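Working notes, structure below.
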Amino acid sequence: MSRDEVLVLDPIGCAGHGLCAELLPEWITLDEWGYPILRPEAIPPELLPHARRAVAACPKLALRLRALSAS
Amino acid sequence: MTLPRLLLGTQDGRALTHAEHVGVHGPLPAGDVSAALAAAGLRGRGGAAFPTARKLQAVAATAAAGRHRPVVLVNGAEGEPMSAKDRTLCARTPHLVLDGAQAAAAAIGARRVTVALPRAATDALDAMRTAVHERPGGGPAITVTAVPVAYLAGEESALIRHLDGGPLKPTVVPPRPAERGLGRRPTLVQNPETLAHVGLVARHGAAWFREAGTAADPGSVLVSLAGDVVAPGVYEVDRRMRLAELTGMPAGRGGPRAVLVGGYHGTWLGPDELAGLTLAAEDLAAHGATLAAGVIAVLGPKSCPVRELANVAGWLAAQSAGQCGPCANGLPAIATRLAAVADGRAPSGSAADLDRWTRLITGRGACHLPDGAARLVRSGLRAFAPEVAEHARRGPCAACRRPPVLRVASRVAA
Ligand SMILES: Cc1cc2nc3c(=O)[nH]c(=O)nc-3n(C[C@H](O)[C@H](O)[C@H](O)COP(=O)(O)O)c2cc1C
Ligand code: SF4
Ligand code: SF4
């Protein structure tokens, strides 16, 4: 059974490279200073591989996928 | 119900000795305060109004699940320039604060208490250090520490990081201090006023505590009344009190131009909103405000609210730790634009820019500093729309040249 996952950002770690927004434009946009704005909802299954790629590509390890608890 | 409770016996302004303290309040009973605290419904007085009993439970639970004994951190940093209640409390009745810390420590199984006070609050530091030496044995080991005078000194994760030898900058949550705090131990962080109430609940119980305040927010509360008022200072009040009674000013004609409720992460209320308003949480919530840590700052008719707003925004931008992109970029952008608005040289589209920037910084930092700053600015722009338009037409007003009413540096002497 797959669990719902959301993207979470460490705002201190993030350096605003914007790489994540290039890899997952459906879910991540950049504000006018170049920092990512993430959609808060659970990632749809078809986007999950792209989300994983964005997480892996972040040079600051500032982006994570977090499983939503069942409750 | 009689007030004061917390400040009972402290009218002459000096610290109560331990003997005097016991004479006023009676001895601190032994026994677990948890049940009484839950029934009392006490909420934290440091700003977030979190139920204190639940915080104790959370720290006790993580401590029970791990290997580390928990600790208590008394957060008396009070970095907000217009706030004076924690310093007053610690300087006058240090034993009541320590009683609360001791009762809370016993309830969660902690043996160590750290009391953090601002370096500039020498009266509170002296009183607290003397009190620690006076206390009878059997309580926790208490350390009193002076911390820098800065807004972020009171943000719990920044305070913990600083006390552990790091920079005075917030950390990301989770983990919360209840999970991993001082020296990686589960840490109960409470405001001094919160703990002073705990010291009284331990003595008099929940029913007595609820004789003051409202059902949603029981107990008395300390407010720091500041700005254009006849008698600024720290007052212990019941939240059913009307704001007009507290300020000693009518709500309409001859009354304040605006009142800032909740200090520098608070909300500006204009004359229309002040009529009949009490300090009850429900009443304030109807205007998007909370009492937060109890700062009530009044702007009289002779002050310029636009200039004051720009000054405070500048101070808040300078207090940012600069760690998070939206906060580090957004706060200076907002402050610079507000200064331009006050000077009457703001570019067109400034209202839209300020609206967008305040939204963009909200909820996107590691700590809540930008959220509070956004609330302050948005409520100010709403309350001061006529003055903003006036400045756009004519530039700085006569009142712009008056010394600011809202403090943007901390008081050093008492
Ligand atoms: C920017 C900022 C400044 C703060 N300053 C203080 C402070 O000076 N004193 C305080 O008790 N809490 C302050 N807080 C809140 C603390 O992080 C924490 O919630 C509080 O100390 C918990 O105690 P309480 O539950 O007894 O209120 C601040 C929070 C922020 C975001
Ligand atoms: S790739 Fe990482 S550092 Fe760059 S903007 Fe995205 S989260 Fe921030
Ligand atoms: S939100 Fe601002 S003040 Fe808070 S940690 Fe981030 S940069 Fe520092």
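The values are calculated or read from the model by the stated rules, or taken from the named source; none is laboratory data. Since we're looking at a predicted model, the values are computed, not measured. Reconstructed Cβ throughout: ideal geometry from the backbone, glycine too, with neighbour counts over all protein chains shown.
Only one of (1) surrounded by fewer than 24 Cβ atoms within 10 Å (Cβ to Cβ); (2) part of a loop (DSSP other than H, G, I, E, B); (3) within 21 Å of the chain's Cα centre (by Cα) is not met by B:ALA293, so which one is it? It is condition (1) that B:ALA293 fails. Does B:ALA103 satisfy the criteria of being closer than 17 Å to B:THR143 by Cα, at pLDDT 95 or above, touching a Gly at 6+ places or on another chain (Cβ under 9 Å) and part of a helix (DSSP H, G or I)? Criteria met by B:ALA103.
Number of residues in region B:144-168 that are within 14 Å of chain A (Cβ to nearest Cβ), in contact (Cβ under 8 Å) with a residue 60 or more places away in the chain and more than 12 Å from ligand 3 (Cβ to nearest atom) equals 0. Annotation note: Cβ proximity below 6 Å between a residue of region B:113-132 that is in contact (Cβ under 8 Å) with a residue 12 or more places away in the chain and a residue that is part of a helix (DSSP H, G or I) and among the small types (Gly, Ala, Ser) (sequence gap 6+ or interchain) occurs for B:VAL113/B:ALA101; B:VAL113/B:ALA105; B:LEU117/B:ALA124; B:ASP123/B:ALA91; B:ALA124/B:ALA91; B:ALA127/B:ALA91.
Scanning region B:366-375 for residues that are near ligand 1 (Cβ under 9 Å from one of its atoms) and more than 19 Å from B:ALA289 (Cβ to Cβ) yields a total of 1. You will find that of B:GLY294, B:GLY300, B:GLY248, the residue that is of a type outside the set (Asp, Glu) and under 24 Å from B:ARG43 (Cβ atoms) is B:GLY294 and no other. Restricting the search to helices (runs of 4 or more DSSP H) fully inside region B:325-414 and requiring at least 3 residues that are away from every other protein chain (no Cβ under 14 Å) and either within 24 Å of B:ALA226 (Cβ to Cβ) or away from ligand 2 (no atom under 16 Å from the Cβ) (or both) gives B:325-343, B:369-383, B:385-394. Identify the residue in region A:1-53 that is closer than 28 Å to B:PRO170 by Cβ, in contact with an Asp or Glu (Cβ under 8 Å, 6 or more places away or on another chain) and not in a loop (DSSP other than H, G, I, E, B) and, among all such residues, is farthest from the other protein chains (Cβ to nearest Cβ). Selected residue: A:ALA51. Scanning region B:203-257 for residues that are of a type in the set (Lys, Arg) and buried (at least 20 other Cβ atoms within 10 Å of the Cβ) gives B:ARG239, B:ARG257.
Scan region B:264-276 residue by residue and report those that are modelled with pLDDT of 95 or more and either among the small types (Gly, Ala, Ser) or part of a loop (DSSP other than H, G, I, E, B) (or both). Within region B:264-276, B:GLY266 is the sole residue that qualifies. Taken together, the criteria exclude B:ALA38 from residues that are away from ligand 1 (no atom under 16 Å from the Cβ), modelled with pLDDT of 95 or more and surrounded by 15 or more Cβ atoms within 10 Å (Cβ to Cβ). Quick one: would you say B:ALA321 is within 14 Å of chain A (Cβ to nearest Cβ), part of a loop (DSSP other than H, G, I, E, B) and away from ligand 2 (no atom under 16 Å from the Cβ)? Taking the combined requirement at face value, the residue satisfies it.
Can you work out which of the residues in region B:131-180 that are β-branched (Val, Ile, Thr) and touching a strand residue (DSSP E or B) at 6+ places or on another chain (Cβ under 7 Å) is surrounded by the fewest Cβ atoms within 10 Å (Cβ to Cβ)? Looking at the filtered set, the residue picked out is B:THR143. Check whether at least one residue in region B:395-414 is among the hydroxyl-bearing types (Ser, Thr, Tyr) and over 26 Å from the mean Cα position of the chain (by Cα), and report yes or no. Taking every residue of region B:395-414 in turn, none turns out to be among the hydroxyl-bearing types (Ser, Thr, Tyr) and over 26 Å from the mean Cα position of the chain (by Cα). Just one of (1) of a type in the set (Gly, Ala, Ser); (2) in a loop (DSSP other than H, G, I, E, B); (3) within 19 Å of B:ASP283 (Cα to Cα) fails for B:GLY255. It is (3). Residue pairs whose Cβ atoms lie under 9 Å apart, sitting 6 or more positions apart in sequence or on different chains, and linking a residue in region A:22-33 that is in contact (Cβ under 8 Å) with a residue 12 or more places away in the chain to a partner that is assigned to a strand (DSSP E or B) and among the β-branched types (Val, Ile, Thr), are A:ILE28/A:ILE37; A:LEU30/A:ILE37.
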